[in-house]
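All of the numbers you see were taken from the coordinates with simple rules; none came from a lab. Quantities reported herein were computed from a predicted structural model and do not represent experimental measurements. Neighbour counts run over all protein chains shown; Cβ positions are idealised from the backbone, glycine included.
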Amino acid sequence: MSNEPSFAAGTVCIVGAGPGAADLLTLRALRRLQQAEVMVHDRLIAPEVLALAPPQALRVYVGKASGDHAVPQAGIHALLVEHARAGRRVVRLKGGDPFVFGRGGEEALALQAAGIACEVVPGVTAAGGCAAAAGIPLTHRDLVSSCVFLPGHLAEGEGAHGRTLDWAALARPGQTRVFYMGVQRLPQIAQRLIAHGLAPETPAAIVRDGTRATQSVLATGLAALAQAAPAYGPQPGLLIIGETVSLSPDYRPTVAPQPELRRTMHFDANERDAVYRVIAARRDMRHFAGGTALAPAVLERLLCAAHQAPSVGLMQPWRFIRVANPALRESLAAQVAAERERTAQALGERAEEFLRLKVEGLRECAELLALVLAPDDGTVFGRRTLPREMALCSVGAAAQNLWLAARAENLGLGWVSMFEPAAVAALLGLPEGALPLGLLCLGPVDAFYDEPMLQAEHWRQGQPLGDMVFEDTWGRSADKP
């Protein structure tokens with residue numbers, strides 16, 4: 001038995017037509033259109049949706065575009081009241097959902113004040129429909145935990161009743177921002193968000209004609225999008241800003257420009273000191289802030305830094321495998337946990353102390369990267385001795401670049417190598433000859449250690465530099481004859 005209210009004569013039904021495609025209408029919306037005697041519709045309703053109303057139904061266009069309103073809002077209220085009082089079934093057809101930036105609430109209140117019966121039929125929101133059609137999840141447990149719908153016109157300043165947007169709050173990470181009427185104001189929106197701390201590389205997209213055959217998606221970094229976006233036109237468009245945009249198949253990341261190579265690279269004193277600060281502050285981290293994510297642009301910068309490492313014979317034998325599958329991450333964590341238990345048993349009376357110390361962070365870190373030594377491809381130019389050892393040195397250089405770049409981004413990185421290599425190689429699908437060297441835990445941390453963890457826990461003390469630098473022969477220091 002249906003609980004659907006009847007569409008009586010003299011009633012106004014405010015119907016959400018969805019984001020565009022006719023087959024995204026709800027069943028109730030379709031029935032109300034088929035029962036309409038008067039249809040008052042907006043500009044962006046697709047012709048195939050308008051055609052669903054009976055041919056004899058009166059069609060009244062009240063569309064609005066920027067600076068061009070066919071009928072003022074008060075006039076729309078008056079039309080709805082007039083036709084309802086004449087005893088007609090009136091459908092007020094609006095794009096998307098009538099209660100999401102559709103002024104449906106104002107119209108419902110006006111009808112209530114006039115004593116007119118009113119029904120509201122929700123529709124697929126423009127945000128939900130356009131984002132889904134563009135392959136952009138509005139929320140994702142690994143990237144964002146909230147989504148906010150915003151009116152783009154407030155980028156120009158105060159709106160009605162002195163309302164403004166909290167740009168500092170909107171610039172915080174971990175959220176998807178959907179701007180209705182935002183395409184025309186993209187430069188102002190980008191400028192305000194970046195000025196309040198949002199990274200210029202934050203993924204952003206313009207979705208035009210979402211869900212329709214004419215749909216187009218332009219997705220890249222926010223600053224680049226503001227420069228590359230075509231001029232505002234009659235096509236409806238939605239602006240989406242946030243990390244989940246990077247999941248769209250149309251997303252093209254912006255690469256941070258690399259410094260121009262010069263014959264002489266000179267650093268001033270401030271730059272030199274900054275480099276040494278990063279080196280001194282590098283730590284092997286184990287405690288990560290859970291529930292966090294890295295912006296794709298940040299991860300790209302880090303991997304670019306690793307890839308710029310020096311390499312003997314230009315072998316570049318490093319490979320990074322990003323562990324994106326939660327089940328794979330859990331399997332790797334289980335391998336490490338099993339090896340920790342075996343190692344603890346071998347330590348005897350220090351087993352409990354060891355297990356307390358060796359927190360790994362594989363499950364909590366924002367990103368997990370497997371560092372792999374590639375199979376020997378026989379391309380080491382001009383080297384007869386130590387080829388595999390030099391390959392390991394090159395991989396170590398790439399890892400150190402990544403480590404230092406992470407610290408410069410105020411991120412922590414931990415190297416986990418407590419596992420059976422063959423088991424991890426099988427999980428990662430490595431080819432014959434490839435060797436997993438470490439699982440790199442990467443992401444935000446609540447605090448950095450003041451000193452190396454092993455030293456703080458009194459497992460091992462760092463040795464002074466003087467005991468590790470010799471002159472001419474092993475064990476001979478420079479200050480001894």
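Overview of values
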quantity: Protection proxy ranking, peptides 165-177, 20-32, average beta carbon neighbours within 10 Å, highest first; calculated: 20-32, 165-177
quantity: For T11, residues with placed amide H under 5 Å, excluding near neighbours; calculated: V90
quantity: Amide hydrogen neighbours beyond the local backbone of V445, cut-off 5 Å, H modeled; calculated: A289, G412
quantity: Computed magnitude of the charge dipole of the chain (debye, nearest 20; Cβ of K, R +1, Cβ of D, E -1); calculated: 1160 debye
quantity: Cα-based shape type of the range 103-173, given that a ≥ b ≥ c are square roots of the gyration tensor eigenvalues and the cut on a/c is 1.5; calculated: oblate
quantity: Rounded FRET efficiency, nearest 0.05, which uses the C-beta distance separating D376 from A423 and R0 of 25 Å; calculated: 0.70
quantity: Extension gain from A213 to L386, taking 0.36 nm per residue of separation minus the Cα-Cα distance; calculated: 56.3 nm
quantity: Amide H within-cut-off set for V60, under 5 Å, with H built and near neighbours excluded; calculated: M39, V40, H41
quantity: Alpha-carbon centroids, the range 93-114 and the range 285-344: separation in whole Å; calculated: 51 Å
quantity: Charge-dipole axis of the range 19-64 as Lys and Arg at +1 and Asp and Glu at -1 on Cβ define it, positive-most pick from L24, Q56, M39; calculated: M39
quantity: Globularity ratio of the range 128-247, using Cα Rg and 2.2 N^0.38 Å; calculated: 0.98
quantity: Residue-count net charge about H196 - beta-carbon cut-off 10 Å; Lys, Arg +1, Asp, Glu -1; calculated: +1
quantity: When the convex hull of its Cα atoms is projected in every direction, mean area for the range 383-481 (nm²); calculated: 10.6 nm²
quantity: Cα convex hull of the chain - mean projected area over all directions, nm²; calculated: 34.5 nm²
quantity: Separation between Cα centres of the range 434-453 and the range 387-406, rounded to whole Å; calculated: 15 Å
quantity: Label-point separation, R356 to H196 (7 Å along Cα→Cβ), nm; calculated: 4.5 nm
quantity: Order of S477, S246 under a 10 Å beta carbon neighbour criterion, fewest first; calculated: S477, S246
